[in-house]
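Right, one structure below, let's go through it.
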Amino acid sequence: MLLVLLFTPLIPFLFAQQETTKPQLDKIQATTIIPGDIVLGGLFPVHERGEKTPCGNKIYNRGIQRMEAMMFAIDRINADPTILPNITLGAHIIDTCSRDTYALNQSLQFVTASALNNMVTANFECFDNSIPHTKNNYSGPVFGVVGGSYSSVSLQVANLLGLFRIPQISPASTAKALSDKNRFKYFARTVPPDTFQSSALVDIVKSVNWSYVSTVYSEGSYGEYGIEVFHREAQERNVCIATAEKVPSTADEKEFDSIIMKLKKKVNARGVILFTRAEDARRILMAAKRANASRHFYWIASDGWGKQQKLVEGIEEVAEGSITVELQSTNIPEFDTYMMTLIPEENKRNPWFEQYWEDFFQCTLPKNLPLETNYTFNICNEDLRLATEYGYEQESKVQFVVDAVYAFALALDKLNKDMCIDYEHQGVCPEMTRFDGGEFYESYILNLNFNDLVGSPVKFDKSGDGLARYDILNYQRLPNSSGYHYKVVGKWFDFLELNQEFLIFDHNLSTTPISACSLPCELGMIKKQQGDTCCWICDKCEDYEFLEDEFTCTDCGYGFWPYPDKTACYELEYFYMKWDSLFAIIPCVFSCLGIICTLIVIGLFIKNNDTPLVRASGRELSYMLLFGILLCYMNTFLLLAKPSLIICTTQRFGVGIGFSIIYGALLTKTNRISRIFDSASKSAKRPTFISPRSQVFITLLLITIQVLITVFWMVAEPPGTKFHYPTRQSVIPKCKMQDRSFIFSQLYNMLLITTCTVYAIKTRKIPENFNESKFIGFTMYTTCIIWLAFVPIYFGTGNSYQTQITTLCVATSMNATVALVCLYSPKVYIIVFHPDKNVRKLTMNSATYKKYNAQPSTSYATSSMELKGTPAEAIPLEKLGAATPSRSSCAGVQTDPRESREPSDDMSLL
């Protein structure tokens, strides 16, 4: 009441202000009034904005339909006895001319009506206690206002109406700011805020895989608030804004042409988001057509464009493929019937209907023809009616206008039932007229929950917002036709459901156009930013790296490899020598043959263990040497086996000891031969340590040195397994030892081989009857050649694990084979093929005998006598020409067979 008293002195000023606006409108009427017991205000954009005047002369089709929708709803409510019985709803409708400042000015009429009514009812009372009426153009207090359409209009008007606690329900204003109850306490709407619409637009952009778009928005709360939410959500979801252009409220063609030029500079931003009012959207399309950019841009538009046919009239080819958002609404069949019965002669309550009729049918009513004119006019036919064949289509917000009117009616009905229970006149009671508008909004309007004329639910949340449901439309060319239509391709209700199979951007284009600053990187490539977050160059990750994120390559690490999609790594399979590989089969076959041959020789020697040939060969050293050969052959299987602690430990002992047995025994033999013949030329004294037992002891001593070296090697470099990575994609488990240390461990064996070779060279000129030294010499020469070839090959194949292991196996087996063949093949030949020669029978070559007997200075003269069938036999010292105290010195040969002894083991083959 205090506000009313304060505002009352301003009423004359308000009337004066209204009067001053009338001349500006020329013949265009600004308001219309429908009397009633309760009056609802209405704000609709009946005319478009004028360039130099508040209102233009051009009628706005959507505004007329919304205005008629309000009157249609009032008619139905007044005819319904269940809603506000004995109470008639009236209307005070104002044309906002699509301009917020003008709408605010005109809305003062609502405030004036309420102020005058409050002033009268506060100071006057009728004798029958009825409501006093004033004699003016205002039929009664305005209980609430339906409108406005544009958010900019609602923002201005809501501030004013809020001061006077007048509730307002908008059927079309979607600005997010209107949800702020601190600023707009008594504002509600049957539509959702643009927050949801902006989310829907971002969802659409993401669904068509656009990451780089431009935006155009109208000046004012609708465009600015809507695009602000879009930008924020787009940034959160990695959609970049190439440029954002604002359309000023006073923009002319040059301004729109400039906007199109700026959009074209962003060549890769083919997608353009329009958050504009309808007339701005049309002028943007027209500017694109003037710039020959009809197929350059693809538009995604808010409900400011929606599914309006008038908006794209004449510029269909520019709008083709556009995706628009429209509040999900249902046509009200009764409203179509209502509109199709209207004619200008009868619809007198709508002062703008005649102009709408002439604009719709592009004709002139006979009553509006000028008296004198030189022009020919298209006179409207009396039989014309609004119909679909003439292009009539129910506007999408009609349902929400009707819902807003019904919301006020049902809330007033509830208020009437609560306040006027005992009122005897059954109508509007004084308590109802004096009821506080703010409480009416909070207690009645916000608590509404009903189904409208088409069965859709209507309710408001605590902020006064309606439910968020949107249709997704695609402006398409009709098949086999030059016509166009809006096709529903999806819907949005908390999330997007888009059927992309029905989506067509261009009837000549079968794929979705690309709108991206940079194309997505291929598999295994990362983005390197260049300026904008959506602009990058692609850089390839290394083969062994995976994508930690879209900007970072990370090494999988040795032993791991990335999956084909580069999202993670897996552990590589270990690569070790497989028994079925050619690198293993060849040394295994070689080794097996050697083992078989060695076992055959051992078997022959065991079977013929007491024969002269075997005994003369030095059985102990022969068996040790054969065991060493067998061990070398068996090392092949150790070297090829999968590495483990036991295998690696056994390998170290096996390779070194196998060689030390062979070359220790051979060194002992060659040393014995050398010492015997050296002593024979100097003294008649028998050399020491030439007995079989001594020879075995010396050989074991030589082997023990290698064992100690290996043990020391074990301590210095503990055995175990390690992984070798010849390439990043290969993992080879190997024994934990360096190639260098392996060669060092064999230095002792090399020393044995070298020494043995030296002795073999020294004894190369002994009598031919003692020709085993020659076989030993040949063995050692061949062994040296093998080792000289093996060492560089072994180190040279360090990067080829298979080749290196195969080389080591073959080299080991070849050393054993050389010893086996060179030393034992002559003996095996005699044992197997000439057993008749394996006897003690001696023969004397007199020429040889005489030759060596003629050299008295030689203590150990060499006899030409040989055991028959034993080509490599050594003659006992007693039977060489050595003089002994107990025997005659006749060439040192016991000629009497009866006095001869069986050859003992110390009569070994040298």
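The values are calculated or read from the model by the stated rules, or taken from the named source; none is laboratory data. Just so it is clear, the structure is predicted and the values come from calculations on it, not from any experiment. Cβ coordinates were reconstructed from backbone atoms using ideal geometry, including for glycine residues, and neighbour counts include every protein chain displayed. Side chains are part of the model used for accessible areas, which takes the heavy atoms of the whole protein and leaves out ligands, DNA and RNA. Shrake-Rupley method; radii C 1.70, N 1.55, O 1.52, S 1.80 Å.
For this structure, a couple of remarks:
- One residue stands out among those in segment 740-754 that are out of contact with any helix residue (DSSP H, G or I) (no Cβ under 6 Å at 6 or more places or on another chain) and of a type outside the set (A, V, I, L, M): the one that is most open to solvent (accessible area, probe 1.4 Å), which is R740.
- Verdict on C517 being open to solvent by less than 50 Å² (accessible area, probe 1.4 Å), assigned to a loop (DSSP other than H, G, I, E, B) and touching a residue at least 24 places away in the same chain (Cβ under 8 Å): yes
- Here N331 meets the list (1) surrounded by 15 or more Cβ atoms within 10 Å (Cβ to Cβ); (2) part of a loop (DSSP other than H, G, I, E, B); (3) modelled with pLDDT of 90 or more almost entirely, failing just condition (1).
- Complete set of residues in segment 533-561 that are in a strand (DSSP E or B), free of Cβ contacts under 8 Å to residues at least 24 places away in the same chain and more than 30 Å from H231 (Cα to Cα): K540, E545, F546, T554, D555, F560
- Against the test of being surrounded by fewer than 13 Cβ atoms within 10 Å (Cβ to Cβ), in contact with a Gly (Cβ under 8 Å, 6 or more places away or on another chain) and either modelled with pLDDT under 85 or closer than 30 Å to S329 by Cβ (or both), the options E501, E497 yield a single qualifying residue, E497.
- Selection count where residues are open to solvent by 60 Å² or more (accessible area, probe 1.4 Å) and either at pLDDT 90 or above or at positive phi (or both), scope segment 590-599: 4
- Looking at segment 770-871, the helices (runs of 4 or more DSSP H) lying wholly inside it that each contain 2 or more residues that are farther than 19 Å from T670 by Cα, open to solvent by 40 Å² or more (accessible area, probe 1.4 Å) and at pLDDT below 50 sit at 846-853.
- Verdict on I379 being surrounded by 18 or more Cβ atoms within 10 Å (Cβ to Cβ) and in contact with a helix residue (DSSP H, G or I) (Cβ under 8 Å, 6 or more places away or on another chain): no
- None of F697, F742, F689 is more than 60 Å from the chain's Cα centre (by Cα), modelled with pLDDT under 80 and among the hydrophobic types (A, V, I, L, M, F, W, C) except F689.
- Where A242 falls short, out of the listed (1) out of contact with any strand residue (DSSP E or B) (no Cβ under 7 Å at 6 or more places or on another chain); (2) farther than 23 Å from Y60 by Cβ; (3) not basic (K, R): (1)
- Residue among L645, L640 that alone is more than 20 Å from K762 (Cβ to Cβ), among the hydrophobic types (A, V, I, L, M, F, W, C), under 57 Å from the mean Cα position of the chain (by Cα) and open to solvent by less than 10 Å² (accessible area, probe 1.4 Å): L640
One line per residue, one yes/no per condition, for (1) open to solvent by 20 Å² or more (accessible area, probe 1.4 Å); (2) out of contact with any His (no Cβ under 7 Å at 6 or more places or on another chain); (3) over 24 Å from F184 (Cα atoms); (4) among the hydrophobic types (A, V, I, L, M, F, W, C):
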position: E395; (1), (2), (3), (4): no, yes, yes, no
position: V402; (1), (2), (3), (4): no, yes, no, yes
position: K417; (1), (2), (3), (4): yes, yes, yes, no
position: S443; (1), (2), (3), (4): yes, yes, no, no
position: V458; (1), (2), (3), (4): no, yes, no, yes
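- The numbered conditions (1) modelled with pLDDT under 90; (2) of a type in the set (A, V, I, L, M); (3) open to solvent by less than 10 Å² (accessible area, probe 1.4 Å) are all true for V145 except (1).
- Yes/no for E571 being among the acidic types (D, E), open to solvent by less than 70 Å² (accessible area, probe 1.4 Å) and modelled with pLDDT of 85 or more: no
- Here A242 fits the description: among the aliphatic types (A, V, I, L, M), open to solvent by less than 70 Å² (accessible area, probe 1.4 Å), in contact with a Lys or Arg (Cβ under 8 Å, 6 or more places away or on another chain) and farther than 26 Å from D100 by Cβ.
- Restricting segment 50-60 to residues that are modelled with pLDDT of 85 or more and crowded, with 20+ Cβ neighbours inside 10 Å, the residue that is nearest to D413 (Cα to Cα) is Y60.
- Going through (1) among the small types (G, A, S); (2) under 20 Å from A816 (Cβ atoms); (3) not in a helix (DSSP H, G or I) one by one, G658 falls short only on (3).
Yes/no per residue for (1) under 30 Å from V398 (Cβ atoms); (2) assigned to a loop (DSSP other than H, G, I, E, B):
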position: E255; (1), (2): no, no
position: I260; (1), (2): no, no
position: K264; (1), (2): no, no
position: R283; (1), (2): yes, no
position: H296; (1), (2): no, yes
position: W305; (1), (2): yes, yes
position: L311; (1), (2): yes, no
position: V318; (1), (2): yes, no
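- Residues satisfying the stated conditions in segment 216-232, i.e. modelled with pLDDT of 90 or more, out of contact with any strand residue (DSSP E or B) (no Cβ under 8 Å at 6 or more places or on another chain) and open to solvent by 40 Å² or more (accessible area, probe 1.4 Å): E228, R232
- Boolean, E620 is surrounded by 13 or more Cβ atoms within 10 Å (Cβ to Cβ), among the acidic types (D, E), in contact with a helix residue (DSSP H, G or I) (Cβ under 8 Å, 6 or more places away or on another chain) and on the phi < 0 side of the Ramachandran plot: yes
- Verdict on P479 being modelled with pLDDT under 95 and either open to solvent by 50 Å² or more (accessible area, probe 1.4 Å) or in contact with a Lys or Arg (Cβ under 6 Å, 6 or more places away or on another chain) (or both): yes
- Summed over segment 150-176, residues that are at pLDDT 90 or above and more than 27 Å from K414 (Cα to Cα) total 3.
- Unmet requirement for W352, which otherwise passes all of (1) without any contact (Cβ under 8 Å) to a residue 40 or more places away in the chain; (2) touching a Gly at 6+ places or on another chain (Cβ under 9 Å): (1)
- Restricting attention to segment 187-209 and to residues that are crowded, with 24+ Cβ neighbours inside 10 Å and assigned to a loop (DSSP other than H, G, I, E, B), the residue that is nearest to the chain's Cα centre (by Cα) turns out to be P193.
- Those residues of segment 308-358 which are under 56 Å from the mean Cα position of the chain (by Cα) and basic (K, R), in sequence order: K310
- Residue match in segment 613-631 (condition: over 21 Å from K734 (Cα atoms) and part of a loop (DSSP other than H, G, I, E, B)): yes
- The sole residue among F230, F184 that is outside any strand (DSSP E or B), farther than 23 Å from W305 by Cβ and touching a helix residue (DSSP H, G or I) at 6+ places or on another chain (Cβ under 8 Å) is F184.
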